[in-house]
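I have placed the structure first, in the form of structure tokens, so that the comments after it can refer back to it.
The values are calculated or read from the model by the stated rules, or taken from the named source; none is laboratory data. Every value quoted in this text rests on a predicted model; they were computed, and no experiment measured them. A quick note on method: Cβ atoms are made from the backbone with ideal geometry, for glycine too, and the neighbour counts reach across all protein chains shown.
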Amino acid sequence: MALRREPHVLVVGGSDSSGGAGIARDVETISSIGVRTCLAVTAVTVQTHEAVMDIRHLQPGLVADQMRAALQANEVAAIKIGMLATAEIIAAAAAVLRENPQVPAILDPVLASTSGRALLEAGAIAAMKRDLVPLCCLVTPNLVELALLIGAKQAVDEDEAVWQGQELLAAGAQAILIKGGHAKGLRSTDILLHSGQEPIRFDAPRLAVSMRGTGCMLASAIAAHLANARSLEDSVGEGKRFVFEQLQRNSTE
Ligand code: PLP
């Protein structure tokens with residue numbers, strides 16, 4: 001079979017009919033950085049910018065088959081994982097990652113929409129932490145997701161957030177980017193943790209604007225830069241800058 005030799009990011013996630021988040025945002029982000037994409041859809045959601053009206057999961061085998069076909073047809077240089085919906089889809093995605101250990105995977109642990117609807121079924125967080133988190137080179141939780149992943153209350157300050165991140169590293173994560181975008185303060189600080197290394201801070205001014213899909217954009221931009229053979233630290237810095245620029249553009253439109 002002919003293999004497309006340009007680096008691609010394989011996007012694994014749910015579709016959002018509003019276009020605000022999910023795979024539409026991922027593809028838009030990665031293409032704007034000049035990297036090609038291929039897809040494995042996990043779920044179809046019926047959404048507006050205000051509400052999630054319906055969610056349909058795809059069969060886990062169909063998700064794994066899409067991932068394998070995308071990996072077979074293209075030179076996949078990074079995998080970006082978003083909404084996974086069920087423990088069975090998590091298991092299917094984890095099986096494909098284990099077959100392809102050379103491809104770095106970034107996991108945005110999508111648990112709920114901003115409007116509050118669960119995007120991962122109750123009980124599947126444990127499976128995500130146990131079976132998927134250790135296979136990914138980076139996990140990008142916000143403060144709510146981080147607390148749920150380690151079974152704690154949301155951190156109230158940066159020290160507690162770093163402590164919670166270290167708990168996730170102890171549970172097998174390779175690296176974690178704790179997103180502080182929903183915290184308070186004049187600056188929006190994300191913290192990159194690797195085991196045995198000092199935390200690295202990525203800082204941007206906090207803009208008085210809210211935009212959907214920023215978590216999808218950040219993880220996708222990081223994956224695109226990793227696919228371009230940048231280091232993890234550089235990719236995170238570029239990703240953070242990308243999201244800041246999009247927020248800035250949104251606030252002046
Ligand atoms: N829908 C899908 C398919 C998503 O993947 C996500 C987040 O990753 C969301 C909705 C939630 O986006 P938001 O928090 O911006 O509502």
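Look at Ala122 and say whether it is away from the ligand (no atom under 16 Å from the Cβ), at pLDDT below 95 and at negative phi.
Details: away from the ligand (no atom under 16 Å from the Cβ): yes; at pLDDT below 95: yes; at negative phi: yes.
The answer is yes for Ala122.
With more than 16 Å from the ligand (Cβ to nearest atom), in contact (Cβ under 8 Å) with a residue 24 or more places away in the chain and under 14 Å from the mean Cα position of the chain (by Cα) as the only criterion, which of Ala219, Ala127, Ala175 stands out?
Just a single option satisfies the conditions, and that option is Ala175.
Any idea which of Glu233, Glu238 is at negative phi, in contact with a His (Cβ under 8 Å, 6 or more places away or on another chain) and in a helix (DSSP H, G or I)? Break it down into steps so the answer makes sense when it comes.
Details: Glu233 fails: in contact with a His (Cβ under 8 Å, 6 or more places away or on another chain).
Going through Glu233, Glu238 in turn, the sole match is Glu238.
Looking at region 181-202 only, could you name the residues that are more than 13 Å from Glu233 (Cα to Cα) and out of contact with any Leu (no Cβ under 7 Å at 6 or more places or on another chain)?
Within region 181-202, Gly181, Lys184, Gly185, Leu186, Arg187, Ser188, Thr189, Gly196 meet the criteria.
When you scan region 222-238, how many residues do you find that are without any contact (Cβ under 8 Å) to a residue 24 or more places away in the chain and touching a Ser or Thr at 6+ places or on another chain (Cβ under 9 Å)?
Residues flagged as without any contact (Cβ under 8 Å) to a residue 24 or more places away in the chain and touching a Ser or Thr at 6+ places or on another chain (Cβ under 9 Å) within region 222-238 amount to 0.
Residues in region 178-190 that are crowded, with 16+ Cβ neighbours inside 10 Å and outside any loop (DSSP other than H, G, I, E, B): how many?
Start the filter on region 178-190 by keeping residues that are crowded, with 16+ Cβ neighbours inside 10 Å, which leaves 178-181, 183, 188-190.
Cutting the leftovers down to outside any loop (DSSP other than H, G, I, E, B) gives us 178-179, 188-190.
Residues flagged as crowded, with 16+ Cβ neighbours inside 10 Å and outside any loop (DSSP other than H, G, I, E, B) within region 178-190 amount to 5.
Look at Gly34 and say whether it is modelled with pLDDT of 95 or more, on the phi > 0 side of the Ramachandran plot and in contact with an Asp or Glu (Cβ under 9 Å, 6 or more places away or on another chain).
When the stated conditions are applied, Gly34 does not pass them.
Please find, within region 47-87, the residue that is surrounded by the most Cβ atoms within 10 Å (Cβ to Cβ) out of those that are within 11 Å of the ligand (Cβ to nearest atom) and closer than 23 Å to Cys137 by Cα. Please lay out each step first, then the result.
Our first condition is that a residue be within 11 Å of the ligand (Cβ to nearest atom); within region 47-87, this holds for 47-52, 55, 80-85.
This time we only want the ones that are closer than 23 Å to Cys137 by Cα, so: 80-85.
Values: Lys80: 30, Ile81: 30, Gly82: 27, Met83: 27, Leu84: 33, Ala85: 25.
My answer is Leu84.
Quick one: which of Ala208, Ala229, Ala170 is surrounded by fewer than 14 Cβ atoms within 10 Å (Cβ to Cβ), more than 16 Å from the ligand (Cβ to nearest atom), more than 14 Å from the chain's Cα centre (by Cα) and closer than 24 Å to Leu10 by Cα?
Going through Ala208, Ala229, Ala170 in turn, just one is surrounded by fewer than 14 Cβ atoms within 10 Å (Cβ to Cβ), more than 16 Å from the ligand (Cβ to nearest atom), more than 14 Å from the chain's Cα centre (by Cα) and closer than 24 Å to Leu10 by Cα: Ala229.
Test Arg241 against the stated conditions and say whether it is touching a strand residue (DSSP E or B) at 6+ places or on another chain (Cβ under 8 Å) and free of Cβ contacts under 8 Å to residues at least 24 places away in the same chain.
no
Counting only residues that are more than 9 Å from the ligand (Cβ to nearest atom), out of contact with any His (no Cβ under 8 Å at 6 or more places or on another chain) and hydrophobic (A, V, I, L, M, F, W, C), how many does region 13-43 have?
The number of residues fulfilling the criteria is 5.
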